[in-house]
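Quick notes on the structure that follows.
The values are calculated or read from the model by the stated rules, or taken from the named source; none is laboratory data. In this text, all values refer to a predicted model and were calculated from it rather than measured experimentally. Please note: Cβ atoms are built from the backbone with ideal geometry, for glycine as well, and neighbour counts cover all protein chains shown. Just so you know, the surface numbers come from the protein's heavy atoms only, side chains and all, with ligands and any DNA or RNA stripped out. Shrake-Rupley method; radii C 1.70, N 1.55, O 1.52, S 1.80 Å.
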Amino acid sequence: MNGAARVIRGRLLLFEDEPRLAGAKAVRLIENGAVLVDDGLIAALGEAPDVARETPIGAKTDDYSGKLILPGFIDTHIHYPQTRVIASYGAQLLEWLQKYTFVEEQKLRDPAHAGVVARFFLDELFRHGTTTAMVYCTVHPESVDAFFAESERRDARMIAGKVMMDRNAPEALRDTPELGYDETKALIQRWRGKGRLDYAISPRFAPTSSDAQLEASGALAREHPEAYVQTHLSENLAEIAFVKELFPWTKTYAQVYARYGLLGPRTVLGHCIHLEESEVGLLAESGSVAAFCPTSNLFLGSGLFDMRRLQAHAPPVRVSLATDVGGGTSYSMLQTANEAYKVLQMNGQSWPAAQAFYQMTLGNARALGLDDRIGSLRVGGEADLIVLDSSATPAMAHRMEAVKGDLAEELFILMMLGDDRAIAETYVAGRPAKSAAMKAQRGADGDP
Ligand code: GUN
Ligand code: ZN
């Protein structure tokens, strides 16, 4: 024990498996529970009296009796330079990129501005209960340095990468195949494995990269098999038509990424909405992850993600859930689950709350291959936790009156009515991070 031990008391929600596959035994609730965190890790957890016996004298206790304690949420696809793009009116993907996104992203060339945005972004994630994210930066290496430096300072587990684009974007946002390769390589060397940081090789999407740049991206993935790859796939019909124009040799969009060795178990592909059957096969066989971004898909009018189709394929396609801010309209994974539920409803698909909460935590950790570290409450696991208040607003408290101890109903209320107000606290590496973020955002001391 290092003297920074802390006991967090509340109702522990434990996922031992995927509810969709394992049924009720996948979920366990310890009503009078406690988690002992020490040195950034979970040192003990279970019934509060049992944990008390293992707790060193002098440990602080944060008592959240009656509230739920879960692993922190994981967001598998989000753009940190788009904090001032979120909620930009009226356009679908390709116009939205040109009109709003590429304008704002140019500003992150300035390291001071990138620092301001990175701090705001991480404060927002923590305020909303997200403790790990897979993040796009801009084309500027400075934007990656700013993001990783701030993440390291907060001891957060984050994955990020420099966007590569060498065509169909403003001059100020373009690199070249060689420059993109060199800068990415240097960033991997500088940041990968530092603190809790990891790197995602990030060709933005096929329309903004030449064959040569995708080939260079594939070379990076081969040379750094331990790093991630992130890009976008099949979000919008005009985008798909454009890909077929730009790559006349291909039959499908996914085939472009397959050709350059960009698919695989460490690849996360945003959207995956309008897939042809052969593309579903490519994703499934390669073990790539399809990131479902419901608020974005609705906001940009992109289409409806077909979870059942992907999960019913043999072998199944691995899926994750993500906000995709600033195409997405909320930083909240609870609100993202709310919209996911509605998108699936539109296709006659059900999504029980237990499955949704599994997806936001252990499911997304598995999608990123990080379930040995995060995504569950487990002794030896990293102490990234959240405390949820199911009665955080008058509407929630009123609705909760009708729920007599039914966990499934409580979780469903949280995901339909909850947002940042339902996050009573977020712990990152065992330290309170939501209250610190709010203090920083109020400008109380500027030092979260
Ligand atoms: N496709 C390529 N870039 C982007 C982006 O920034 N947001 C979304 N939603 N789709 C993209
Ligand atoms: Zn995106």
Inset, instruction - Test L68 against the stated conditions and say whether it is under 19 Å from D389 (Cα atoms) and away from ligand 1 (no atom under 16 Å from the Cβ). - result: yes
Legend entry - In region 40-94, the residues that are polar (S, T, N, Q), under 29 Å from Q106 (Cα atoms) and surrounded by fewer than 21 Cβ atoms within 10 Å (Cβ to Cβ): T83, S88, Q92
Legend entry - The listed residue being touching a helix residue (DSSP H, G or I) at 6+ places or on another chain (Cβ under 7 Å), over 15 Å from P203 (Cα atoms) and at pLDDT 95 or above, out of G261, G327, G281: G327
Legend entry - Per-region count, region 1-21, residues at pLDDT 95 or above and over 24 Å from the mean Cα position of the chain (by Cα): 7
Inset, instruction - Just need a number here: residues in region 367-401 that are outside any loop (DSSP other than H, G, I, E, B), without any contact (Cβ under 8 Å) to a residue 24 or more places away in the chain and not hydrophobic (A, V, I, L, M, F, W, C). - result: 3
Inset, instruction - Could you give me the residue pairs with C-beta distances under 6 Å whose first residue belongs to region 327-342 and is open to solvent by 10 Å² or more (accessible area, probe 1.4 Å), whose second residue is among the acidic types (D, E) and more than 14 Å from ligand 1 (Cβ to nearest atom) wherever it lies, and which are 6+ apart or on separate chains? - result: Y331/E124; Q335/D419
Inset, instruction - State whether the residues of region 358-365 include one that is modelled with pLDDT of 95 or more and either surrounded by fewer than 21 Cβ atoms within 10 Å (Cβ to Cβ) or acidic (D, E) (or both). - result: no
Legend entry - Per-region count, region 143-162, residues open to solvent by less than 10 Å² (accessible area, probe 1.4 Å) and either of a type in the set (G, A, S) or not in a helix (DSSP H, G or I) (or both): 8
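Filter region 42-97 for residues that are among the polar types (S, T, N, Q) and within 16 Å of ligand 2 (Cβ to nearest atom) and give the result.
Result: T76, Q82, T83, S88, Q92.
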Inset, instruction - Give the number of residues within region 178-199 that are aromatic (F, W, Y) and open to solvent by 30 Å² or more (accessible area, probe 1.4 Å). - result: 1
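Residues checked against (1) under 19 Å from the mean Cα position of the chain (by Cα); (2) of a type outside the set (F, W, Y); (3) more than 16 Å from ligand 2 (Cβ to nearest atom); (4) modelled with pLDDT under 95:
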{"site": "F147", "(1), (2), (3), (4)": "yes, no, no, no"}
{"site": "A169", "(1), (2), (3), (4)": "no, yes, no, no"}
{"site": "L179", "(1), (2), (3), (4)": "no, yes, yes, no"}
{"site": "K185", "(1), (2), (3), (4)": "no, yes, yes, no"}
{"site": "Q213", "(1), (2), (3), (4)": "no, yes, yes, no"}
{"site": "S217", "(1), (2), (3), (4)": "no, yes, yes, no"}
{"site": "R222", "(1), (2), (3), (4)": "no, yes, yes, no"}
{"site": "T250", "(1), (2), (3), (4)": "no, yes, yes, no"}
{"site": "V256", "(1), (2), (3), (4)": "no, yes, yes, no"}
Legend entry - Index of the failed condition, H274 passing every other in (1) open to solvent by 40 Å² or more (accessible area, probe 1.4 Å); (2) over 18 Å from the mean Cα position of the chain (by Cα); (3) more than 16 Å from ligand 2 (Cβ to nearest atom): (3)
Inset, instruction - Residue by residue through region 410-437, note down the ones that are of a type in the set (G, A, S), touching an Asp or Glu at 6+ places or on another chain (Cβ under 6 Å) and surrounded by 24 or more Cβ atoms within 10 Å (Cβ to Cβ). - result: A422
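Just to be sure, is L377 of a type in the set (A, V, I, L, M) and closer than 22 Å to S151 by Cβ?
The answer is no for L377.
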Inset, instruction - Only residues that are assigned to a helix (DSSP H, G or I) and either open to solvent by less than 10 Å² (accessible area, probe 1.4 Å) or of a type in the set (A, V, I, L, M, F, W, C) (or both): list them for region 343-354, please. - result: V343, L344, M346, A353, A354
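Residue-by-condition table, conditions (1) open to solvent by less than 50 Å² (accessible area, probe 1.4 Å); (2) part of a helix (DSSP H, G or I); (3) within 14 Å of ligand 1 (Cβ to nearest atom); (4) charged (D, E, K, R):
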| site | (1), (2), (3), (4) |
| --- | --- |
| I201 | yes, no, no, no |
| S217 | yes, yes, no, no |
| P225 | no, no, no, no |
| V229 | yes, no, no, no |
Inset, instruction - Answer yes or no as to whether D389 is open to solvent by 10 Å² or more (accessible area, probe 1.4 Å) and closer than 17 Å to A422 by Cβ. - result: yes
Inset, instruction - Report yes if some residue within region 245-261 is part of a loop (DSSP other than H, G, I, E, B), closer than 30 Å to T361 by Cβ and within 16 Å of ligand 1 (Cβ to nearest atom); otherwise report no. - result: no
Legend entry - Test: T295 is within 16 Å of ligand 1 (Cβ to nearest atom), among the polar types (S, T, N, Q) and touching a strand residue (DSSP E or B) at 6+ places or on another chain (Cβ under 6 Å): yes
Inset, instruction - For Y253, indicate whether it is in contact with a helix residue (DSSP H, G or I) (Cβ under 7 Å, 6 or more places away or on another chain), under 18 Å from E178 (Cα atoms), surrounded by 17 or more Cβ atoms within 10 Å (Cβ to Cβ) and of a type in the set (S, T, Y). - result: no
Legend entry - Lone unmet requirement of (1) open to solvent by 10 Å² or more (accessible area, probe 1.4 Å); (2) within 13 Å of ligand 1 (Cβ to nearest atom) for L300: (1)
Inset, instruction - Would you be able to say whether some residue in region 236-249 is among the aliphatic types (A, V, I, L, M) and without any contact (Cβ under 8 Å) to a residue 24 or more places away in the chain? - result: yes
